[in-house]
Amino acid sequence: MTRAVCIDQPGGPEQLKIVDVEVGQPGPGEIRIRHHAVGLNYIDVYQRTGLYPFPMPLQLGMEGSGVVESVGEGVTHLRAGDRAAYAANPPGSYSEVRVMPARNVCKLPDDISFETGAAMMLKGLTAQYLLKKTRPVEGLQPGDFVLFHAAAGGVGLIACQWAKALGLQLIGTAGSDAKCALAKANGAAHVINYSTEDFAARVKEITGGQGVKVVYDSVGKDTWDKSLDCLRPFGLMASFGNASGPVPPFAPGMLGAKGSLYVTRQTLFTHIATRESNQAMADDLFEVVRSGQVKIHIEQRYRLEDVQQAHRDLEARKTTGCTILTL
C-alpha cells in the first residue's frame with residue numbers, strides 16, 4: 001500500500017484527499033517508480049474541477065521524479081535503480097509510489113536534482129514545443145517579437161529564458177509589478193502589467209505598430225480578443241491553456257479581417273505521443289538546463305499533506321515559477 005491524492009468527484013480543493021492505494025507490479029511496457037518529488041501544474045486544476053473530464057475516482061498529477069523500482073516486459077530504456085523524471089498521462093503522480101506506462105519516462109541526468117526534475121518536465125517540455133515547434137508560417141528568427149502571457153508562471157519563466165537564448169524578443173505579461181520584474185529578470189525583453197495597462201496598446205507601441213509574429217496564451221478567455229489584436233498579418237495565435245476559462249466560440253471570418261491570422265490549440269501530450277519524440281524533446285530540455293541558459297525556479301514547496309492549500313494558492317495566482325509537492 002502507498003499514499004496517494006485522489007478525488008471522488010469534480011470540485012474545489014476540498015475534494016483532494018490522501019488515501020491508501022495498492023500498488024502492484026508493472027505489466028508489459030510499464031514501470032514502478034518511487035517518487036522523490038511531484039510537480040504541480042494548472043492542468044491538475046482543470047482535471048480536479050472537471051473542465052478536463054476523467055472517470056472517477058481520479059488520482060491526480062502529471063509530473064514527477066524518483067527512482068525506478070522495477071520494470072515490466074519490453075521496457076529497455078529504463079531499469080531498476082535508475083533516476084527518472086516524466087510528464088505523462090494518465091494522471092497519478094500525486095503519490096509515493098505508482099505503476100505507469102514507461103513510454104514518457106526519461107532517465108534523469110545525475111547532475112539534475114529530483115526536485116528540479118519534478119518541477120521542469122511538464123513545464124519545460126511545454127516551453128520546448130511552443131518555442132521550437134509551434135511557430136508562425138513565416139518562421140521565427142533572432143530579433144523577432146513574441147508575446148507570452150503569464151510570463152512569471154512555471155512555463156513562462158522557462159520560456160523567457162529560452163526565448164532569450166534563441167535571440168527572440170519576448171514580451172511578457174503578468175498581473176503584478178512584482179511578477180513583471182521577475183519575468184524581466186529571467187530574460188523577457190519587455191514586460192506588461194495587464195492589470196494596469198492595455199497590453200494590446202503596449203504591444204503595438206513596443207513593436208512600432210507592427211505587432212508580434214506569435215502569441216503564446218495559456219490564460220484563455222480573458223486575454224483572447226486583445227491577443228488577436230497584437231498579431232501582425234499572418235501571425236499565429238497559439239492557445240495552450242484556459243486559466244481564466246475556455247475561449248468562447250468565434251467566427252473564423254474575424255481572422256481574415258484581422259490580417260489573415262492563424263489559430264492553433266496545442267497540447268503537450270500530442271507532441272510526446274511517441275517515446276522517440278518525448279526523448280528528443282527531453283534531451284533538448286536537459287541540454288539547455290545543464291548549460292545554465294535556463295534555470296528552473298522552484299518558488300513554492302508543499303508537503304503532500306498540504307495539497308489542498310497548494311491548489312488554493314495556484315488558483316489564486318499567488319504562485320510564481322514552479323511548485324512542487326515533497327515526499
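Please go through the range 173-186 and pick out each residue that is touching a Phe, Trp or Tyr at 6+ places or on another chain (Cβ under 8 Å) and closer than 25 Å to residue 133 by Cβ.
Listed by number, the residues that qualify are 173, 174.
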**Asked** Is it the case that some residue within the range 226-237 is within 17 Å of the chain's Cα centre (by Cα) and of a type outside the set (S, T, N, Q)?
**Response** no
**Asked** Given the conditions (1) touching a helix residue (DSSP H, G or I) at 6+ places or on another chain (Cβ under 9 Å); (2) touching a residue at least 40 places away in the same chain (Cβ under 8 Å); (3) more than 23 Å from residue 84 (Cβ to Cβ), and given that residue 264 satisfies all but one, which numbered condition is not satisfied?
**Response** (1)
**Asked** Limited to the range 106-122, what total is found for residues that are of a type outside the set (S, T, N, Q) and either open to solvent by 10 Å² or more (accessible area, probe 1.4 Å) or part of a loop (DSSP other than H, G, I, E, B) (or both)?
**Response** 9
**Asked** Of everything in the range 127-153 that's open to solvent by less than 10 Å² (accessible area, probe 1.4 Å) and of a type in the set (Gly, Ala, Ser), which residue is nearest to residue 321 (Cα to Cα)?
**Response** 152
**Request:** Go through 232, 290 for me and flag whichever is open to solvent by 70 Å² or more (accessible area, probe 1.4 Å) and either among the acidic types (Asp, Glu) or more than 22 Å from residue 198 (Cα to Cα) (or both).
**Result:** 290
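Given 276, 299, 305, which one is open to solvent by 40 Å² or more (accessible area, probe 1.4 Å) and under 24 Å from residue 183 (Cβ atoms)?
Answer to the selection: 299.
Listed here are the residues, each with its yes/no results for (1) at negative phi; (2) at pLDDT 95 or above; (3) in contact with a Leu (Cβ under 8 Å, 6 or more places away or on another chain).
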position	(1), (2), (3)
196	yes, yes, no
207	yes, yes, no
231	yes, yes, yes
257	yes, yes, no
268	yes, yes, yes
297	yes, no, yes
**Item:** Number of positions in the range 186-229 that are among the hydroxyl-bearing types (Ser, Thr, Tyr) and open to solvent by less than 30 Å² (accessible area, probe 1.4 Å)
**Value:** 5
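Could we say that residue 44 is among the acidic types (Asp, Glu) and within 20 Å of residue 123 (Cα to Cα) here?
In short, yes.
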**Item:** Which numbered condition residue 70 misses (of (1) more than 24 Å from residue 16 (Cβ to Cβ); (2) open to solvent by 10 Å² or more (accessible area, probe 1.4 Å); (3) assigned to a helix (DSSP H, G or I))
**Value:** (3)
**Request:** Please give the number of the condition residue 219 fails out of (1) of a type in the set (A, V, I, L, M, F, W, C); (2) assigned to a loop (DSSP other than H, G, I, E, B); (3) in contact with a His (Cβ under 9 Å, 6 or more places away or on another chain); (4) more than 22 Å from residue 49 (Cα to Cα).
**Result:** (4)
**Prompt:** Can you name the number of the only condition in (1) surrounded by fewer than 18 Cβ atoms within 10 Å (Cβ to Cβ); (2) of a type in the set (Ser, Thr, Tyr); (3) closer than 19 Å to residue 23 by Cα that residue 76 fails?
**Reply:** (3)
**Item:** Tally of residues being in contact with a helix residue (DSSP H, G or I) (Cβ under 9 Å, 6 or more places away or on another chain) and either assigned to a helix (DSSP H, G or I) or among the basic types (Lys, Arg) (or both) across the range 18-48
**Value:** 5
**Request:** Run residue 165 past the list (1) open to solvent by 10 Å² or more (accessible area, probe 1.4 Å); (2) out of contact with any helix residue (DSSP H, G or I) (no Cβ under 9 Å at 6 or more places or on another chain) and report the number of the one that doesn't hold.
**Result:** (2)
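The values are calculated or read from the model by the stated rules, or taken from the named source; none is laboratory data. Everything numeric here is computed off the predicted structure, so don't read it as measured data. All Cβ positions, even for glycine, are placed from backbone atoms using ideal geometry, and neighbour counts span all protein chains on display. Please note that ligands, DNA and RNA were not included when accessible areas were found on the heavy atoms of the full protein model with its side chains. Shrake-Rupley method; radii C 1.70, N 1.55, O 1.52, S 1.80 Å.
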